[in-house]
Amino acid sequence: MPRAIKSVKGTRDFLPPETRLWSAVEETARRVFDTYGYEEIRTPVLEETDLFVRSVGESTDIVGKEMYTFLDKKGRSLTLRPENTASVVRAFVQHGLANQPLPAKLFYIGPQFRYERPQKGRYRQFHQIGAELIGDPGPETDAELLLMLLRFLGELGFRDLLVQLNTVGDDESRAAYREGLRSFLEPLRQQLGEDSRRRLDSNPLRILDTKSPEERELLKGAPELAEFLSEESRDHFDGLRRALDRFGVAYEIEPRLVRGLDYYTRTVFEIISEGLGAQDAIVGGGRYDGLVAELGGPELPGIGFAIGEDRLIEVLPERFSQAVAASEPVVVIPVGEVPAVEALDLAERLRAEGLAVSAELSGRSVKAALKKADRSGARLAILIGEEELGEGLVTLRDLKAADQSTVPRADLVARVEEIL
RNA sequence: GUGAGCGUAGCUCAAUAGGUAGAGCUCCUGACUGUGGCUCAGGUGGUUGUGGGUUCGAGCCCCAUCGCUCACCCCA
């Protein structure tokens, strides 16, 4: 016997009925995003490796050790996208979208890939629903993006979600802070862990969100970014907070929220959820005012978020999942000597009317067919018997009420719709 | 990449101190020749993740490997 092949580590098959849930979530996203004027963009799963090196950042964990990178047959270095913002910005630049009315508002839904050790809420192929807005620097734009995000999550039944918010300042603020932090930590170098010592050279800001209690203790006397913020960055952050307050958005300032992608500037945010264990962030995002230019485009600001769809579905409120309807509410069953094709014929007529119908074609007994219909969650069974066939009648059986009646075919659609 | 726990039927799990694999659910059939949800009877389904070792004998012990799960790390 040949070896059975299994799905690759960290990847999953999504089977019915769970796939209905995924579709429903994605439809909700499309509907809500549409009300904010966002259009869908689909970018390739495969990109030139350099795209991520330049945008996400060489010193980040994502680029340093989590990418699916390989050489193609011509020796080009390609990478399965570990996130989607870089691709969206690349496409924006490549197609000259800056020449269309700004800001550009784009959303995407699709798989992303990172070579990590899988655990709860973390997969090698995972899925993100994200949105990007390019070409508007104002804090009201940040607020609107967050309002859209929260409206979407609200439509899914989430309540009381708390947005964690911070600002990492503009390039100048960050450069100044980086030096401030470095000169504070340099004397303490020997007390830092191995990772943090390395970051002291490459990216000192990342040390801030360490989880090590000893390092947190050391950091207590560290300078804060707020002290180094440029006036513009401070104004921007204050403007965002005023807007969020006006719309009643619940948020908390999380000064140590830094985020692991290099392209973020100013506004950064996260939403975490209970019930996900250690991987509890369901949304992450922020502003990236230098990224478009970094990727060869014009000097345009941008902001976006990415929702972890796998994690989102893991903690989806029950009232949403329960509202996702069952399939095939009607089953057509041939009785006695009536050929299966008659059941197919009737099913086709009903489908043409827009009804979800399955036909019993396998020749099983009426009894077995009803049993199967019942277990599948069907609401109605239509029995085509020899006795009624000649007179243009069928038997309509309500599987929940357990009663049935004989109805003319002409009235069938109306009767079915009445019951459903 | 590091650590820990776990891999027996499609699913959930059994298998006394190593003695040659079983149940429930699911699925199919029948009791009920054109009528389901209950009950009863029967059937399909496993080289115990894989490879090696110890042993007269391994699902059980040892090693390796793959996978799953959780945590570290990182992030969605």
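Read-outs: derived from the displayed coordinates by stated rules, not from any lab. Treat the numbers as computed from the prediction; the structure is a model and nothing was measured. Here Cβ is always computed from backbone atoms with ideal geometry, including for glycine, and neighbour counts include all displayed protein chains.
For the reader, a short list of remarks on this structure follows.
- Pairs with C-alpha atoms separated by more than 26 Å, drawn from the list A:Lys65/A:Lys211; A:Lys6/A:Lys120; A:Lys367/A:Lys400; A:Lys9/A:Lys65; A:Lys73/A:Lys105, are A:Lys73/A:Lys105.
- For segment A:326-419, the dipole from Cβ point charges (+1 on Lys and Arg, -1 on Asp and Glu) about the Cα centre works out to 500 debye, to the nearest 20.
- When Rg and the Kirkwood Rh are both derived from Cα coordinates, the Rg/Rh ratio for chain A amounts to 1.11.
- Dividing the Cα radius of gyration of segment A:326-419 by its Kirkwood radius returns 0.91 for Rg/Rh.
- Based on alpha carbons, the Rg and Dmax found for segment A:128-183 are 15.7, 47 Å.
- The distance linking segment A:147-191 with segment A:305-321 is 23 Å (Cα centroid to Cα centroid, whole angstrom).
- The mean sequence separation of alpha-carbon pairs under 8 Å and at least six residues apart, normalised by the residue count of chain A, gives a relative contact order of 15 percent.
- Rg followed by Dmax, in Å, when segment A:67-225 is reduced to its Cα trace: 19.9, 53
- Size of segment A:232-313 as Cα extents on the principal axes (Å, biggest first): 41, 31, 22
- Normalised by the number of residues in segment A:280-420, the mean separation of alpha-carbon contacts (under 8 Å, six or more apart) gives a relative contact order of 18 percent.
- Assigned charges on the beta-carbon of Lys, Arg, Asp, Glu; segment A:40-124 dipole about Cα centre (debye): 260 debye
- Positive-end residue of A:Asn99, A:Gly138, A:Phe320, charge dipole of chain A with Cβ unit charges: A:Phe320
- DSSP bridge orientation in segment A:326-419 - percent antiparallel, rounded to nearest 5: 55 percent
- Local electrostatic count, A:Ser23, Cβ distance below 14 Å [Lys/Arg +1, Asp/Glu -1]: -1
- Per-residue ³J(HN,Hα) for segment A:272-277, Karplus 6.51 cos²θ - 1.76 cosθ + 1.60, θ = phi - 60°, Hz, x for Gly and Pro: 10, 9, 6, x, 10, x
- Nearest-20 debye value, chain A charge dipole, Cβ charges on Lys, Arg, Asp, Glu: 1420 debye
- Per-residue extension of 0.36 nm, minus the Cα-Cα distance of A:Thr11 and A:Ser362, leaves a gain of 122.9 nm for this segment.
- Between helix A:366-375 and chain A there is an angle of about 20 degrees, using the helix long axis and the longest principal axis of the Cα atoms.
- All other residues whose Cβ lies under 12 angstrom from that of A:Leu244 are scored, Lys and Arg at +1 and Asp and Glu at -1, for a net of -3.
- Size descriptors for segment A:45-142, from the alpha-carbon set: Rg then Dmax equal 15.0, 47 Å.
- Chain A - mean residue ellipticity at 222 nm from DSSP helices (-39,500 (n - 2.57) per run, n ≥ 4, rounded to 500): -11000 deg cm²/dmol
- Sequence-separation-based contact order of segment A:318-396, relative, with Cα cut under 8 Å and 6+ spacing, percent: 38 percent
- Highest average packing first - A:355-363, A:88-96, Cβ atoms within 10 Å: A:88-96, A:355-363
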